[in-house]
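The values are calculated or read from the model by the stated rules, or taken from the named source; none is laboratory data. All values derive from a computational prediction rather than experimental measurement. No Cβ is skipped: glycine too gets one built from the backbone with ideal geometry, and neighbour counts run over all protein chains shown.
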Amino acid sequence: MISSMKYWLISLFTVICLVADAKDKAIQDYILDEQTVYVIPVATNRVTTISFPGAIAAMDAAQASVDPQKPAPFLISHSKGSSYFSVRAEMRKALTNINVRWNNKTYVLELVESDEPLLSVTFVPAPDTSGPVNSEPVTPARLLALLDKAKAYPLLKMYHADVVAQVEYRNYEREPRIVDCTNYAVKINEAFRFDSEDTLVFRVGVTNKTDRELIYAPNGFFLRVGERTYPQSISDASGIVPPHAEAPAYFAVTGTPNGGRNDISIENDFLVLLNAHPVEPMVEPPATPVTTSTNTDSEPNEEDSSQP
């Protein structure tokens, strides 16, 4: 009896382990690499959910449909702005690829109909290897020179193109990036990347929307890239904007806060963060009234004083 019970427990434990192992195999995590083609088996009777680290910008697929009423080898379900989508094979031996656009890069997924599908696939970013490095730091003098080169970029491009040949440039005239606040707005006009210094330089405009002078810290610019925020390394800004006017400013971001390279592509969606506020009007305290009093009783009467 005991032997039978022991055999039964061992069998049950084996089944549980096999089921757990099967579930583990059906759930996979992959490190994102735009040079890799990911083969993902999917089934006709199961749903496979594929997740990315952030909102998916676009997807292109062949032999796939998002409408159940329009038959195709694969059926995809995706909501605009979400970071995941679900897919199911609609016929046996189906094969196609989906190109997913995320973080300004394209990742290729090959979908294959299979009896052993993956049920959940999660893509994770590559590990951050931008730790502290022993490279020579960019000096303040060098940063000032980069600001000057950015300011003179149009002339240098026209008359000394070799000087700015390695500079990446982006103009935001047609696609402005604006942080619009209650009293002010910050707009990116131009961006420059100097790769050897791992530095981005921005020309921005700070607009004052109030009837009062706007003030801000000239060294208070921050750059927002996705979920990360980078402090400025140098700036050229007045810190003051007249009422209902726009004032230009330049600032730069160099490396990462921990001393590594940022390698930020100039094609990213940038936001410039700045804390500014209008000058409070000076209120003069009310004048204290000055009162004088005359005591006529204490003054001698001329007629009385003439009496003996």
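Looking across segment 194-227 at every residue that is within 17 Å of the chain's Cα centre (by Cα) and surrounded by fewer than 20 Cβ atoms within 10 Å (Cβ to Cβ), the one that is farthest from residue 163 (Cα to Cα) is identified as 227. Filtering segment 75-115 to residues that are in contact (Cβ under 8 Å) with a residue 12 or more places away in the chain and under 20 Å from the mean Cα position of the chain (by Cα) leaves 81, 82, 83, 84, 100, 101, 102, 103, 104, 105, 106. Candidates in segment 133-188 are the residues that are surrounded by fewer than 11 Cβ atoms within 10 Å (Cβ to Cβ) and hydroxyl-bearing (Ser, Thr, Tyr); of these, the one that is farthest from residue 224 (Cα to Cα) is 159. Of all residues in segment 244-268, those satisfying the criterion of being of a type outside the set (Asp, Glu), within 17 Å of residue 217 (Cα to Cα) and without any contact (Cβ under 8 Å) to a residue 60 or more places away in the chain are 247, 248, 249, 251, 253.
I'd like the full set of residues that are within 21 Å of the chain's Cα centre (by Cα) and either outside any strand (DSSP E or B) or under 24 Å from residue 241 (Cβ atoms) (or both), limited to segment 146-179.
In the first step, residues of segment 146-179 are kept if they are within 21 Å of the chain's Cα centre (by Cα); the result is 168-179.
Hits for segment 146-179 are 171, 172, 173, 174, 175, 176, 177, 178, 179.
Taken over segment 48-74, the criterion of being surrounded by 14 or more Cβ atoms within 10 Å (Cβ to Cβ) and more than 32 Å from the chain's Cα centre (by Cα) is satisfied by 63, 72, 73, 74. Take residue 255 and tell me if it is among the small types (Gly, Ala, Ser) and over 18 Å from the mean Cα position of the chain (by Cα). When the stated conditions are applied, residue 255 does not pass them. In segment 180-190 there is at least one residue that is in a loop (DSSP other than H, G, I, E, B), touching a residue at least 60 places away in the same chain (Cβ under 8 Å) and within 18 Å of the chain's Cα centre (by Cα).
Any residue at all in segment 35-46 that's touching a Phe, Trp or Tyr at 6+ places or on another chain (Cβ under 7 Å) and outside any strand (DSSP E or B)? Among the residues of segment 35-46, not one is touching a Phe, Trp or Tyr at 6+ places or on another chain (Cβ under 7 Å) and outside any strand (DSSP E or B), which makes the answer no.
Quick check: anything in segment 253-260 assigned to a loop (DSSP other than H, G, I, E, B), buried (at least 18 other Cβ atoms within 10 Å of the Cβ) and at pLDDT 95 or above? So that I can check it myself, show each step before the final result.
To start, the set of residues in segment 253-260 that are assigned to a loop (DSSP other than H, G, I, E, B) comprises 255-260.
This time we only want the ones that are buried (at least 18 other Cβ atoms within 10 Å of the Cβ), so: 255-256.
Filter again for at pLDDT 95 or above, leaving none.
Checking segment 253-260: not a single residue is assigned to a loop (DSSP other than H, G, I, E, B), buried (at least 18 other Cβ atoms within 10 Å of the Cβ) and at pLDDT 95 or above.
Among residues that are assigned by TED's automatic domain parsing to the domain that holds residue 147, part of a strand (DSSP E or B), in contact (Cβ under 8 Å) with a residue 60 or more places away in the chain and among the basic types (Lys, Arg), residue 203 is not included. For segment 49-73, the tally of residues that are without any contact (Cβ under 8 Å) to a residue 60 or more places away in the chain and of a type in the set (Ser, Thr, Tyr) stands at 1.
Please specify each residue of segment 44-64 satisfying the condition of being in contact with a strand residue (DSSP E or B) (Cβ under 6 Å, 6 or more places away or on another chain) and under 23 Å from residue 116 (Cα atoms). Even if it seems obvious, please write down each step before you answer.
In the first step, residues of segment 44-64 are kept if they are in contact with a strand residue (DSSP E or B) (Cβ under 6 Å, 6 or more places away or on another chain); the result is 44, 47-52, 56-64.
Result: 44, 47, 48, 49, 50, 51, 52, 61, 62, 63, 64.
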